[in-house]
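Structure, as structure tokens:
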Amino acid sequence: MKAMKKLTSVLLTLVLLLGMAPLSGMAYAEGNDGTVYTVTFDSAGGSAVKEQKIAEGGMANEPGAPAREGYAFSGWFTEKDTRFNFNTPITENLRLVAKWTENAPAPSNEGAQERTEAQEAVGETPSEPETHGAAVGQTAEDAPAPAVEDNAAADDMAEPEQAAVEQADEATPVPAAEDNAAADDVAEPEQTAVEQADEATPAPAVEENNAADDVAEPEQAAAEQADEVAPAPAVEENAADGITKPETQDTADETPDEPEFPEAIDKAPARGGLRGPGDIAIDAVNFPDANFRAFVAQYDLDSDGYLSAAELAAVTTMNCSGKSIASLQGVEFFTALTELSCAGNNLTALDVSQNTALTVLDCSYNNLTTLDVSAVPALKDAVENGSHDTSNSAYDKYKSALGELRVDKTVTLVPAAPLGVAIDAVNFPDDNFRAFVAQYDLDSDGYLSAAELAAVTTMDCSGKSIASLQGVEFFTALTELLCYDNNLTTLDMSQNTALTALDCSYNNLTTLDVSQNTALTELGCGINNLTTLDVSQNSALTALSCSGNNLTTLDVSQNTALTELGCVGNNLTALDMSQNTALTELLCYDNNLTTLDVSQNTALTELSCYGNNLATLDVSAVPALKDAVENGSHYTSNSAYDKYVSALGELRVDKTVTIMTDAAPAPTYYTVSFDANGHGTAPAAQTVEHGKPAAKPADPTESGWTFGGWYKEAACTNAFDFTTPITADITLYAKWTKAGGGEEPPVPITYTVTFDENGHGTAPSAQTVESGKTATKPAGPTATGWKFGGWYQDATCNIAFDFATPITANITLYAKWTKGDDVVPITKYTITYVLNGGTLDGMTGTVTVSVEDGATITLPKPTKSGYTFDYWEGSRYEAGASYKVTGDHTFTARWKSNTTGIGGNDTSPKTGDNSHIGLWIALMAISLIGLGGVTVYGKGRKRRTSR
């Protein structure tokens, strides 16, 4: 009966184990992709063990020990002869091989004699000794499943060895079931020792104690205390992210008993001490949490109750998730750990300061309030520099190239996780700009992290009705910023030092500081209200557009790399281009320039300088412009300027400007001498270039005489004006008067200014002008078929006369004439080009052209990305066709799609239309045949232009 009851208990235990096996093998890991691997068990001559199917990332269940007669089972080993750790995630098919140890000799009769004496000591009649558990010399792992014992007699005594065995056995997940039926059963000492070893196997002993008064030996009590350790909680799948989440356990009223570990003979220093250098006792001192202590026992490969330095160093990954662990104290000994998963426990604190090799830590689903990872480089990098994934409702994930951390959302991290720049009204006060930058918040957490900000290198917020760009300073990685066509009144780019391109045109800026943006190569700030612009720190600039402001000066002497400059429509009176030798395009029309020296700009191919006060322009040193004047087409139809165009270059200049294409001759110099005229000391003579004035010297002095100025003759009749251009050698004479002499004031000297019509029209009347005063500019004469070009000092009209020049001698002025249109008013009509989404010479939208009646124009050919120009609608004109203007007319561009290959007209909404293009838009090139002039007004514009 006793044997039958024990056999029944064993069978019940096996049924429980088989039923719970799938649960105990559940992997606590983030989901898998459905891949399943096979784990096979080669028992190497022992009883067969069934293979297991494991989902990728899951862990195999450690099966019960196989049996082999005469041998003790020593564990499962890989084909590389290393003991297999059943906490290892399965990522491939695996074959495990059983290792066996031959049994030691059976116990001697002396042992039986000792048991008989022990029985007699308690008044029990000695009986035939029973064999329990493993033979002497077997370890707990080697021992086969223990016999099932039915203690029905009142006086049965459990052996001490059996209690020790049960202590180890009862630490397994399935608790032992005891039926205490015998009142006075006493466990036999020898049986206790055997069962202690036997019960360390996965299948627990099921003991039926029917006696009410069973007396357990001390060793058995200790074993049962270890058995009461709570099993690992069940886990539930979190559908949101594939993380297995342990069920919440109420452990407030349950304090798990601490399992004890057998103290081997001749091994032992006291608990908590070291057996040898680096060896750690698996006890309550080093591992105070019973569940964690039981968990780490698996790493004690030689089962000596200690973790040696080698055993600790071998542990690089640890998964103790869902084990009802309240303290992970002792994890600091595992300094080789690179991966630690302790999720789903009851941890309130976690110290990983000694685990500096960690690269992966999952401590989610615990009760932590703080976590310090400052001593763990990879985890610190994940928090400070990695991505911050907040998509899971329970925990946050930080991940960088170095490490990964999962932690509950309520945990305060050290170092604190940098949330970044809040997308709020404090950092981005303008509603439109705040809405715009939200697109860079890739994780939608309301913050721009350092990584998110660093990823933004180009930004186009043009045309967004933004009044303030405050907050752009956070985007320090920006290399290109397009913020044109907004309502900006200020712009601070001092923190955006990586910028190479900035276009802030079409705003209301009154100041612009780009002194910190030394990497800029392109700057567009046209159509604002700037009165000054300092680009002295921007030596890398190749393109500068500052047209349509209120600039009175512009210094580009430090911008030697400039190839394009547009400063149209300002108030410039001078422009020094001598340092800009790489310049190819210069647009400086509509300013107040009186001179323009382009002799150092030999690379120029395009120059527009009309609308200034230039009298002459020397292009002899600029090959492309010289070719345009000498060999190109000369267009005179525009009333404001003449245009010279050749294959090499293009020049637009006022009609009144004299263009010089030949190198100027070497300058002529004259001597201006000074005669003291009998008193004082004469100043030194001066050498003066032809046409330039002499410098007025300091007045000479002599006692008793008063200096009265310099005169052209010794009699001091005609005073000399030092603003007079020097055109010959001259001697000036000092005038003196006796001090206190009271001379009569001299009679005023006058000169005659005569006007010569120079072959056309009628000359104005001559003027008598007092010496030193200026002549009055008369009305310009007219002549049919000729256009008056101003008054000149010579009949060949090479030196223009400035009516601000003081008259100091008689002079004749000559009219300049050029063959041209009659000055009779001519009717003009408006030609309108609807570009239908295309671009014409950089302009978009609708372009209007004012053309004189009877002029013939050549229809241009616009372009459009993804399309081929088909024809101009308005009686289907092809590009290049001639059209004679007899009235207002509208031409609408029609397109063929390049992508579909289907002919048709594109009528998609036009982009880039702007009604406020301004006066200074780049003029569209239109070939004109025949008479008449053309005025172009563009409604569209380029995205960035130097014009």
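No lab work stands behind these numbers, since they all come straight from the coordinates. Being a predicted model, the structure only gives us computed values, none of them experimental. Please note: Cβ atoms are built from the backbone with ideal geometry, for glycine as well, and neighbour counts cover all protein chains shown.
How large is ³J(HN,Hα) for each residue in the stretch 314-330, as worked out from phi by the Karplus curve 6.51 cos²θ - 1.76 cosθ + 1.60 (θ = phi - 60°), to whole Hz, x for Gly and Pro?
Going residue by residue, I get 6, 8, 10, 10, 9, 10, 10, 5, x, 10, 6, 7, 9, 9, 9, 4, x Hz, with x marking Gly and Pro.
Check which residues have an amide H placed less than 5 Å from Asn345's amide H, if you skip close sequence neighbours.
Here Gly322 satisfy the definition.
Roughly how many whole Å is it from the C-alpha centroid of the stretch 466-508 to that of the stretch 703-724?
The distance from the Cα centre of the stretch 466-508 to that of the stretch 703-724 comes to 62 Å.
Please list, in chain and number order, the residues 5+ apart from Leu307 or on another chain whose amide H is under 5 Å from its amide H, with Hs placed from the backbone.
Placed amide hydrogens put Ile280, Ala281, Ile282 under 5 Å from Leu307.
Give the calculated FRET efficiency between Thr518 and Glu102 to the nearest 0.05, with a Förster radius of 60 Å applied to their Cβ-Cβ distance.
Step by step, r from the Cβ atoms, then E = 0.15.
When only Cα pairs under 8 Å and 6 or more residues apart are kept, what is the percent relative contact order across the stretch 669-738?
In percent, rounded to a whole number, it is 40.
How do Cys461, Cys363 rank when sorted from fewest to most other Cβ atoms within 10 Å of their own Cβ? If you can, show how the numbers build up before the last one.
On the way: Cys461 18, Cys363 24.
So the residues, fewest neighbours to most, are Cys461, Cys363.
Taking R0 as 25 Å, what's the FRET efficiency between Lys464 and Thr832 from their Cβ-Cβ distance, rounded to 0.05?
0.25
Please report Tyr814, Tyr670 as a ranked list, fewest other C-beta atoms within 10 angstrom at the top and most at the bottom.
Tyr670, Tyr814
Using the per-residue mean of other Cβ atoms lying within 10 Å as a proxy for protection, in what order, highest first, do the peptides 494-501, 682-689 fall?
For the peptides 494-501, 682-689, the packing ranking is 494-501, 682-689.
Please order Ser43, Ser578 by the number of other Cβ within 10 Å, starting at the fewest. If you can, show how the numbers build up before the last one.
Values: Ser43 19, Ser578 12.
By the 10 Å Cβ count, ascending: Ser578, Ser43.
Assign unit charges at the C-beta atoms only (+1 for Lys and Arg, -1 for Asp and Glu), then state the dipole size of the stretch 299-390 relative to its Cα centre in Debye, rounded to the nearest 20.
In total the dipole reaches around 200 debye.
For the stretch 700-712, take each phi angle, set θ = phi - 60°, evaluate the Karplus expression 6.51 cos²θ - 1.76 cosθ + 1.60, and give the result in whole Hz per residue in order, putting x for glycine and proline.
Each residue's phi maps through the Karplus curve to give x, 9, 7, 4, x, 10, 10, 6, x, x, 9, 10, 6 Hz.
Residue by residue through the stretch 469-484, what is 3J(HN,Hα) from phi via Karplus (6.51 cos²θ - 1.76 cosθ + 1.60, θ = phi - 60°)? Round to whole Hz and write x for glycine and proline.
For the stretch 469-484, the Karplus-derived couplings read 9, 4, x, 5, 5, 6, 8, 6, 8, 4, 10, 9, 10, 10, 10, 6 Hz, x marking Gly and Pro.
What percentage of all Cα-Cα pairs in the stretch 750-819 are separated by more than 21 Å?
Across the stretch 750-819, Cα pairs with separations above 21 Å total 20 percent.
Whose amide H sits under 5 Å from the amide H of Ala879, counting only residues 5 or more places off or on another chain, with H placed in the peptide plane?
It is Trp872, by chain and number.
Determine the dipole magnitude for the stretch 669-738: charges of +1 sit on the beta-carbon of Lys and Arg, -1 on that of Asp and Glu, nothing else is charged, the reference point is the Cα centre, and the result goes in debye to the nearest 20.
Charge dipole, the stretch 669-738, about its Cα centre: 120 debye, nearest 20.
What percent does the relative contact order of the stretch 419-535 come to when contacts are Cα pairs within less than 8 Å and at least six residues apart?
19
Provide the FRET efficiency to the nearest 0.05 for the Lys50-Thr412 pair, computing r from the beta carbons and using R0 = 41 Å. Don't skip to the answer; put the middle values down first.
Numbers: r = 48 Å, r/R0 = 1.18.
E between Lys50 and Thr412, to the nearest 0.05, is 0.25.
Please give me the summed charge of the neighbours of Val456: other residues whose Cβ is under 12 Å from its Cβ, Lys and Arg +1, Asp and Glu -1. Don't skip to the end; give the middle numbers.
On the way: positive: none; negative: Asp441, Glu452, Asp460, Glu480.
Here the charged neighbours net out to -4.
For the stretch 581-662, go through all pairs of different Cα atoms, get the mean of 1/r, take its inverse, and jot down that Kirkwood value in Å.
Working: mean 1/r = 0.0815 Å⁻¹.
Taking every pair of different Cα atoms in the stretch 581-662, averaging 1/r and inverting gives 12.3 Å.
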